[in-house]
1. Would you call residue 153 in contact (Cβ under 8 Å) with a residue 12 or more places away in the chain and either hydroxyl-bearing (Ser, Thr, Tyr) or in contact with a Ser or Thr (Cβ under 6 Å, 6 or more places away or on another chain) (or both)?
2. Which residue, of 238, 182, 253, is buried (at least 19 other Cβ atoms within 10 Å of the Cβ), modelled with pLDDT of 90 or more and either out of contact with any Cys (no Cβ under 8 Å at 6 or more places or on another chain) or in the same structural domain as residue 79 (by TED's automatic domain parsing) (or both)?
3. What is the one condition in (1) over 28 Å from residue 50 (Cβ atoms); (2) over 19 Å from the mean Cα position of the chain (by Cα); (3) at pLDDT 90 or above that residue 115 does not satisfy?
4. Please determine whether any residue of the range 315-325 is of a type in the set (Gly, Ala, Ser) and free of Cβ contacts under 8 Å to residues at least 24 places away in the same chain.
5. Could you say whether any residue in the range 277-299 is within 24 Å of residue 346 (Cα to Cα), at pLDDT below 85 and not charged (D, E, K, R)?
6. Which numbered condition in (1) modelled with pLDDT of 80 or more; (2) farther than 24 Å from residue 54 by Cβ; (3) not charged (D, E, K, R) is the only one that residue 75 fails?
7. Among (1) buried (at least 18 other Cβ atoms within 10 Å of the Cβ); (2) over 18 Å from the mean Cα position of the chain (by Cα); (3) over 26 Å from residue 43 (Cα atoms), which single condition is residue 317 missing?
8. Determine whether the range 325-336 contains at least one residue that is surrounded by fewer than 19 Cβ atoms within 10 Å (Cβ to Cβ) and more than 15 Å from the chain's Cα centre (by Cα).
Amino acid sequence: MPRLPTIVNSEEHDLIRYNLRAETFFSGFNGVFLALAIFVSPVVAVTSFEATPLELTILVSAFPVGAFLGPVWAFLGRHWGMQKLVTQMALWANIPLFFVFFLDRQTDSAYFTALITLSQLFNSAMRMGQSSMYRVMYPRELRGFVLGRLTFWSYLTMVPSILATGWLLDKSLAMYQILYPLAGMCGLVSCLYYSMLHVPPHKVPRPSSANWRESLRGVQHILSQDRAYFLFQFAFFLSGSAFFMSTHIILLLTHKRFGFSAFELSLWMSVMPQLLLTLASPAWGKILDRHGIVHCRLIISFLMIAYLGSYLFGVVSGVAWFIYLGSILQGLANSGGQLTWLLASSHFAPRIEDVPLYNGIHFVLNGIRGLVAPWLGSILLVTAGGPWAIFASVLLTAASVPVIMRGLRLDDERDEPVLRVVPAKDEPGPAEKSAG
């Protein structure tokens, strides 16, 4: 376990060190689950179950649909507590993987799609709870450091799991009967480790009594009053839409232009970006802690412009080295993007109790761009041609830069947020009482 930066007292140091160790084991075991349930499920659906295009579309859209349910997960988290939300939803996300063992690959592609879709929907709730817990578990000065290492360990198990799955499926298409229950077991072990986390007593947010109407008023208040958060989410939406609009187009054009084999496509379009994401996560954590989340988004936008431009030039010119460079730059950009995606709500929410509302907004916007942007890319591919679809993604990312720079000034002006978004009839939470 790495040594923590010396910015906390000895009592906090021991608790943070214990929680970081437990959450590291959670991230490692959960990486195996994520590999099978999310990243390789379309490959398994095509190779082992001969899934239809409709079934593939459902699989790809499952997580964004779960993100649309962000307000529901936020409501449950505020009533149950976020740690319980993570453990309960992680449990339900892993159970469907055990039933894959009983599926016949000749006739049960629809059942496979349904089981993995359920798993991804529950996983979206687990992700929301986990990102909300960072505000409770770790001080602001350490969140980038902590999340960089957690991301590293998650992807350290995820990437080999993806490669091993592809290799084993080449040996036997029926290997899914072993791999998915094994991933479910790893997921259950991760639940056990997450339940071992010790939340500092003075930071436990009390369950909220706010109803749906009050929660919606809180969302409206955030969007109208927290200008820095609004601009950050707007920039995030633009760059995220560029990513979703271009990813499948780049894959299709690369395959057509260069004739890459399935292994080469997997290596440069999936494995290489994820490998760079893994290796660069600790460095991004340090950058985030030192310069702040908004500065990180600005750097990420420039990296996105570079990698999308490299892909575009490679496709147009026919020079494969630009495809390789684009994949490397994409991995570096996605590494920082992963950290800022998970920490955005914890950074901007004024109080621990407000994080679920901020996460609800964050997840809904993620769901919108995840569902709409791929279709926009496909429409541009058919009507204008693939290079124009990538060029449009470059323009979207470039448009996010002035938005981030405008929000940068607002974020620098507020050391600690003072905006209150919980209905006034609620009493101060334990964290506020202890501070007073």
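The values are calculated or read from the model by the stated rules, or taken from the named source; none is laboratory data. Nothing here was measured: the structure is a model prediction, and the numbers come from that model. Cβ: placed from backbone, ideal geometry, glycine included. Neighbour counts: every protein chain shown.
1. So residue 153 passes the test.
2. 238
3. (1)
4. Checking the range 315-325: at least one residue is of a type in the set (Gly, Ala, Ser) and free of Cβ contacts under 8 Å to residues at least 24 places away in the same chain.
5. Within the range 277-299, one or more residues are within 24 Å of residue 346 (Cα to Cα), at pLDDT below 85 and not charged (D, E, K, R).
6. (1)
7. (1)
8. Within the range 325-336, one or more residues are surrounded by fewer than 19 Cβ atoms within 10 Å (Cβ to Cβ) and more than 15 Å from the chain's Cα centre (by Cα).
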